[in-house]
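Let me begin by presenting the structure, written as structure tokens, before commenting on it.
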Amino acid sequence: GALREAPPGSDTPRRRRFGHGLVTAQVALSVALLSAAGLLVGHVARLKNADTGFERERMLLVTLDPARSGYERPHLFLPYRMLIERLEQMPGIQAATVSAVTPIQGPGAARMVDVADFEEAPEAKKFIPINWVGPRYFETLGMRIVAGRNFDAGDIGSDRLIAIVNEAMVRKYFKDRDPLGQRFGGDKPDVEIVGVVADARVNSVREAAAPM
């Protein structure tokens, strides 16, 4: 507008060059912004369509904070079980479960583990993410058990420490060995593996599955 409204006689060669340069700069900036926007849209589309290894379309996540419930942590099992039973009776609900953390929320905790009959240099050790889950967790999230079994109600309250590990953990620690029945733990290998679940991206959509 300022260029168009310039008084007569002010359209000098220098002003014309400045105007042409300004238009060129604006076009170049617009092209750069469009290119960046196109790359961003493409990146978001790839993330949206990425195979995360768990159900995303028909899932409702609800965060519960038991801090003010009046229950101590050891006594939360019963109210949680009653809640799940009531949820599963609702029309349209196929399965319900509880867990310490949900996918993409990151690990609930992590620890260094020692695996029986697996030698690992101290500097090569990494923290392994851990999640505490209720019955039907993998079924509810659409994650496949590829070996062994799922957790069941008989495992609750048992003194036997058991875990289900993902395929990434099997590749790292067991290779050609059958992981079922193998043990791992902290100071001593006291947790028995009863199942293997297919890999899923639990820390980030951008990151491949890590041992868990």
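The values are calculated or read from the model by the stated rules, or taken from the named source; none is laboratory data. Predicted model only: the values in this text are computed from it and were never measured. In this analysis, Cβ positions are derived from the backbone assuming ideal geometry, glycine residues included, and neighbour counts consider all displayed protein chains. Heads up: the accessible areas ignore ligands, DNA and RNA and are worked out on the full protein's heavy atoms, side chains in. Shrake-Rupley method; radii C 1.70, N 1.55, O 1.52, S 1.80 Å.
One table, with the values for the structure above:
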read-out	value
Hits in the range 81-108 - residues which are surrounded by fewer than 13 Cβ atoms within 10 Å (Cβ to Cβ) and either hydroxyl-bearing (Ser, Thr, Tyr) or not in a loop (DSSP other than H, G, I, E, B) (or both)	Met82, Glu85, Arg86
Residue count for the range 180-209, restricted to those that are within 21 Å of Asp159 (Cα to Cα), in contact (Cβ under 8 Å) with a residue 60 or more places away in the chain and surrounded by 14 or more Cβ atoms within 10 Å (Cβ to Cβ)	5
For Tyr71: the one exception among (1) part of a helix (DSSP H, G or I); (2) touching a Leu at 6+ places or on another chain (Cβ under 9 Å)	(1)
Tabulated pairs, the range 45-67, first among the hydrophobic types (A, V, I, L, M, F, W, C) and open to solvent by less than 60 Å² (accessible area, probe 1.4 Å), second part of a loop (DSSP other than H, G, I, E, B) and modelled with pLDDT of 80 or more, C-beta under 6 angstrom, 6+ apart or interchain	Phe54/Gly142; Phe54/Met143; Phe54/Ala200
Residues of the range 164-179 that turn out to be over 19 Å from Ser99 (Cα atoms) and either surrounded by fewer than 16 Cβ atoms within 10 Å (Cβ to Cβ) or in contact (Cβ under 8 Å) with a residue 40 or more places away in the chain (or both), as a count	10
